[in-house]
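Q: Next up is a structure, given as structure tokens.
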Amino acid sequence: MLNETLSASRRTGEADASATPAQAPAKPAPEKATPAPKPQASAVPKAAPSPELVVALREDIRAKLIYALGKSVEAARERDWFAATALALRDRIVDAARGGTGAQVPEKRVYYLSLEFLIGRLLSDALNNLGLVEATRAALRDLGVDLGEVEEAEPDAALGNGGLGRLAACFMESMASLSIPAMGYGIRYDHGIFRQSLEDGWQREAPETWLAEGNPWEFARPEATYTIGFGGHVTMSAHGEHHIRRHWHPAETVNAVAYDLPVVGWRGRHVNTLRLWKAESDAPVELARFNAGDHIGAVAGRARAEAISRVLYPSDSSAEGQELRLRQEYFFTSASLQDLLRRHVAERGSLRSLPDHAAIQLNDTHPAIAVPELMRLLMEEHDFSWEDAWHITTSTLNYTNHTLLPEALETWPVELMERLLPRHMQIIYLINWIHLEEQAKLGRNEAEHVAAVSLIDESHGRRVRMGPLAFHGSHRVNGVSALHSALLKTTVFKDLHALDPERIVNKTNGITFRRWLHNANPELTALAVETVGERVLDDPSALRGLEAVAEDPEFRTRYAAMRKARKKELARVIAERTGIAVDPAALFDVQIKRIHEYKRQLLNIIETVALYQAIKMAPLKDWTPRVKIFAGKAAPSYVQAKLIIKLASDVAKVVNDDPDVAGRLKVVFLPNYSVSLAEKIIPAADLSEQISTAGMEASGTGNMKLALNGALTVGTLDGANIEIKDHVGAENIFIFGLDAAGVQARAAEPGYMTRAIEGSPRLAAALAAIESGLFSPDDPGRFRPLTDELRHRDHYLTTVDFDDYWRVQREIDAAWKRPAAWWRSAILNTARMAWFSSDRSMREYAEEIWNVKVG
Ligand code: 26W
């Protein structure tokens, strides 16, 4: 696909991948004027790599270091070796693209529009998919360099907040691996998600600077630049007797410049492109102003334009409604649509056939402005009638919803839309008018129904509802787990669903096993390969073969030893980053995800406090030793979430310093959770905490990564936990608490929290300890905002689920003491998680939403 894009681009004047890389002018290696395709290793070398391949790689890396980076072997730092290795590998990815399944114009392409791509590091992924891990290790060893250290020198591409962004990255990898012709579109943020540090237990945010030393993977495509308008006014002109045309005259324009990242699939058979847009001003520096001494004012217009791709919004759960955010959304959506329309015209001529050759997936409502923008482009730049444009739009767009939380459902003030996107606001009004008119024709014009299905919310000031807009403009709408999709039909989209019951479909999320099993856990992968054969690398359903050895004591011992080794390594990382010593023999209990009240880290911390109190009261009891490990970022403006981090840190301090509980309980908050930190924690986890209030976690994907790696889940019947239970078996997962229906019923009973606290002496004592200042002697009232919320509102039903959570945790303590049964369950988790591969998700999307061929 990279190659295909390039050949299509060539016709339209874009650069070729084999042309000079953006990074630096590439001086060809002295002995070859035209670089020949590099020898490829077999995807998974069983034996040592061939000496020729190692030599070729070594010389390529050395040449990149010297000629592309201008560094000597002696002066090179790890970061330089990383860049040289990436550049050498990128050449091979280009070769793979040119020779792969994406080399021709495909019948149909998928366009995945996402404001977030949480990719992480690319080197080990690319090496693994090209089968070049061992050859590169040997090549670097020849140069006196360690591959592991080079991999660690790569900054994470962290252009996302959490689940939604990571899902986009897993889907991109799976589409490439399945040879689905696809292109991802997003924003090339200068600064991804902030770097988190803890200062006396308080979260501090610092800017993240992944591009500080350039990005060796990307190709800049300045020739693929589009103009994006903002503001201004709309005029009309008459065309014949019956047609009025409207023309938008933006007050301001910004350039969107393409940067391409290649996404190489498994065994290098197919390469797709992730195209990220950078905002560049088209305004010249105002020289007269500059010369008059107004140095800042002379570049203010440019700074305003370029702010669009400066930083990722760090909130994952509340629509903050700021103008810059809407500018980002429109900027990348418009650039992507213009780009794909241009490509379609170049390849096929008429846009009438767009739905036959393109499927566009909107990742949440962030690109929902695509609905009026595609209408506008079709009508105003390509002369389609309203009806034809509407047909094309609604046959091409699809929308994935990722959350039911009301505060996360995007709406934009009509006033802001009118000011920033006046033409789009007119189109939205007309879409809505036709939509309500259809309802009136069906006799559905009662005020309540109109208010429910209207795209404009009139109840909180006038606002455009982006979810209903995306729903109405899409061919298919999907939820991300069975429960979540069912809830979409009965809650947020109840009324729209009734108008078209076919539109909502379920597509349960998945994860790419290449990153989350093969790369993150090579030891477990080796065990699987040894047991069921190498085909497990291509077909995860072969993991089932592990069921047979779950009964084999020797295999269990090896599986447990594998885990132990990873726990030792994680213990080293914990000591290095927090100074806390933990025992790898203890049960590693992990909760790693964004910090949010609905995810209920607070439930886990309160249970930790209760356990601490219980150990102190019965010091002679044979307690199961546990290490509670937390990691995750809080949105910088989310005060309660930041206080939860502080509470975890304060509890950790007291517990870890108390000799009475030594050897039984430790608490760790690992700072700066990221994709690469997840890769270290997940293979070392024994217990996976998935304890959200039922009905609130749309799916979860960390739950899948942990279960695949053999951590047992303690969870509520929420999101994909339900499907995980169905797959691994009820006896291999620990379920507790209210289900979604129970939550709905209980939330309707006033005073539930008071009764829960009064009915649970253990919970009452834990809350009292927190309120007494036991963990914050310097500021006893510090955590009142948290405990007051529990006592007086408890929106997330933490108090109600507490006792059952305590019960199941003690059941887990007992289970840990029966190692044979524990490891049997762990192995069965690995054996039965194949269905959660994002390859399965992508096949389902391909067949049931996109109508595109796989492979
Ligand atoms: C407008 C602010 C904002 C930004 C991001 C609101 C909401 C979001 C996302 C929808 C949050 C998110 O990442 N949702 C997660 O998506 C995952 C992938 O589908 C699911 O597994 C998680 O359950 C869901 O919380």
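The values are calculated or read from the model by the stated rules, or taken from the named source; none is laboratory data. Worth saying up front: this structure is predicted, and the values here are computed from it rather than measured. Because the Cβ atoms are built from the backbone with ideal geometry, glycine has one as well, and the counts that use them run over all protein chains shown. Ligands, DNA and RNA are excluded from the accessible area calculation, which covers all protein heavy atoms including side chains. Shrake-Rupley method; radii C 1.70, N 1.55, O 1.52, S 1.80 Å.
Q: Every residue in region 534-551 that is more than 16 Å from Phe513 (Cα to Cα) and in a loop (DSSP other than H, G, I, E, B), please.
A: The answer is Ala550, Glu551.
Q: Any idea which residue in region 61-75 is farthest from Leu132 (Cα to Cα), counting only those that are open to solvent by less than 40 Å² (accessible area, probe 1.4 Å) and without any contact (Cβ under 8 Å) to a residue 60 or more places away in the chain?
A: Ranking the qualifying residues of region 61-75, first place goes to Ala68.
Q: Condition (residue is under 16 Å from His596 (Cα atoms), within 13 Å of the ligand (Cβ to nearest atom) and modelled with pLDDT of 95 or more) applied to region 645-652: is it met by at least one residue?
A: Checking region 645-652: not a single residue is under 16 Å from His596 (Cα atoms), within 13 Å of the ligand (Cβ to nearest atom) and modelled with pLDDT of 95 or more.
Q: Please enumerate the residues belonging to region 698-717 that are within 11 Å of the ligand (Cβ to nearest atom), at negative phi and out of contact with any Phe, Trp or Tyr (no Cβ under 7 Å at 6 or more places or on another chain).
A: Ala698, Ser699, Thr701, Gly702, Asn703
Q: Next question. Within region 373-381, is even one residue touching a residue at least 60 places away in the same chain (Cβ under 8 Å) and under 21 Å from the mean Cα position of the chain (by Cα)?
A: There is no residue in region 373-381 that is touching a residue at least 60 places away in the same chain (Cβ under 8 Å) and under 21 Å from the mean Cα position of the chain (by Cα).
Q: Restricting attention to region 141-182, which residues are over 21 Å from Met842 (Cβ atoms) and within 16 Å of the ligand (Cβ to nearest atom)?
A: Scanning region 141-182 gives Ala158, Asn161.
Q: Has region 333-342 got any residue that is closer than 26 Å to Lys507 by Cα, modelled with pLDDT of 95 or more, within 16 Å of the ligand (Cβ to nearest atom) and in contact with a strand residue (DSSP E or B) (Cβ under 8 Å, 6 or more places away or on another chain)?
A: yes
Q: Among helices (runs of 4 or more DSSP H) lying entirely in region 284-385, which contain 1 or more residues that are of a type in the set (S, T, N, Q) and open to solvent by 10 Å² or more (accessible area, probe 1.4 Å)?
A: Helices (runs of 4 or more DSSP H) meeting the threshold: 287-291, 323-348.
Q: Okay, next question. Identify, please: which residue in region 492-524 is assigned to a helix (DSSP H, G or I) and surrounded by fewer than 18 Cβ atoms within 10 Å (Cβ to Cβ) and is, among those, nearest to the ligand (Cβ to nearest atom)?
A: Filtering first and then ranking leaves Lys494.
Q: Here is a follow-up. How many of the residues in region 355-365 are more than 16 Å from the ligand (Cβ to nearest atom) and closer than 17 Å to Ala335 by Cα?
A: 3
Q: Out of region 723-737, which residues are within 16 Å of the ligand (Cβ to nearest atom) and surrounded by 22 or more Cβ atoms within 10 Å (Cβ to Cβ)?
A: Scanning region 723-737 gives a single hit, Ile724.
Q: Is it true that some residue in region 392-402 is over 25 Å from Glu223 (Cα atoms), away from the ligand (no atom under 16 Å from the Cβ), free of Cβ contacts under 8 Å to residues at least 12 places away in the same chain and assigned to a helix (DSSP H, G or I)?
A: no
Q: Still on this structure, I have one more. Of the conditions (1) open to solvent by 40 Å² or more (accessible area, probe 1.4 Å); (2) in contact (Cβ under 8 Å) with a residue 60 or more places away in the chain, Glu415 fails just one. Which one is it?
A: Here Glu415 meets the rest and fails (2).
Q: When you go through (1) of a type outside the set (Val, Ile, Thr); (2) within 16 Å of the ligand (Cβ to nearest atom); (3) touching a helix residue (DSSP H, G or I) at 6+ places or on another chain (Cβ under 6 Å) one by one for Asp316, which number turns out not to apply?
A: Only one criterion in (1) of a type outside the set (Val, Ile, Thr); (2) within 16 Å of the ligand (Cβ to nearest atom); (3) touching a helix residue (DSSP H, G or I) at 6+ places or on another chain (Cβ under 6 Å) is unmet by Asp316, namely (3).
Q: I'm trying to understand the selection: among the residues of region 127-152, which are within 23 Å of Thr512 (Cα to Cα) and open to solvent by 10 Å² or more (accessible area, probe 1.4 Å)?
A: Result: Asn128, Val133, Glu134, Gly148, Glu151, Glu152.
Q: Looking at Leu483, Leu487, can you tell me which residue is of a type in the set (A, V, I, L, M, F, W, C), in contact with a helix residue (DSSP H, G or I) (Cβ under 6 Å, 6 or more places away or on another chain), in a helix (DSSP H, G or I) and within 16 Å of the ligand (Cβ to nearest atom)?
A: One residue alone meets the criteria, Leu483.
Q: Please state which of the following conditions Ala389 fails to meet, knowing it meets all the rest: (1) away from the ligand (no atom under 16 Å from the Cβ); (2) at pLDDT below 95.
A: (2)
Q: Can you tell which of Pro468, Pro406, Pro413 is at pLDDT below 95 and within 16 Å of the ligand (Cβ to nearest atom)?
A: Just one listed residue meets the conditions, Pro406.
Q: Taking Gly702 and the conditions (1) open to solvent by 20 Å² or more (accessible area, probe 1.4 Å); (2) under 18 Å from Thr403 (Cα atoms); (3) without any contact (Cβ under 8 Å) to a residue 24 or more places away in the chain, which numbered condition does it fall short on, given that it satisfies the others?
A: Every condition holds for Gly702 apart from (3).
Q: Step by step: first the residues of region 585-614, then only those that are part of a loop (DSSP other than H, G, I, E, B) and out of contact with any Gly (no Cβ under 6 Å at 6 or more places or on another chain), then the one that is nearest to the ligand (Cβ to nearest atom). Which residue is that?
A: Here the answer is His596.
Q: Another question, if that's okay. Name the residue that is nearest to Leu517 (Cα to Cα), counting only residues in region 97-125 that are part of a helix (DSSP H, G or I) and either open to solvent by less than 10 Å² (accessible area, probe 1.4 Å) or within 16 Å of the ligand (Cβ to nearest atom) (or both).
A: That would be Leu123.
Q: What number goes with the only condition from (1) in contact with a Phe, Trp or Tyr (Cβ under 8 Å, 6 or more places away or on another chain); (2) open to solvent by 20 Å² or more (accessible area, probe 1.4 Å) that Arg600 does not pass?
A: The number of the failed condition is (2).
Q: Something else about it: When you scan region 427-446, do you find a residue that is aliphatic (A, V, I, L, M), more than 16 Å from the ligand (Cβ to nearest atom), open to solvent by 60 Å² or more (accessible area, probe 1.4 Å) and not in a helix (DSSP H, G or I), even just one?
A: Checking region 427-446: at least one residue is aliphatic (A, V, I, L, M), more than 16 Å from the ligand (Cβ to nearest atom), open to solvent by 60 Å² or more (accessible area, probe 1.4 Å) and not in a helix (DSSP H, G or I).
Q: Moving to a separate point now. What do you reckon, is Ile691 crowded, with 24+ Cβ neighbours inside 10 Å and more than 15 Å from the ligand (Cβ to nearest atom)?
A: no
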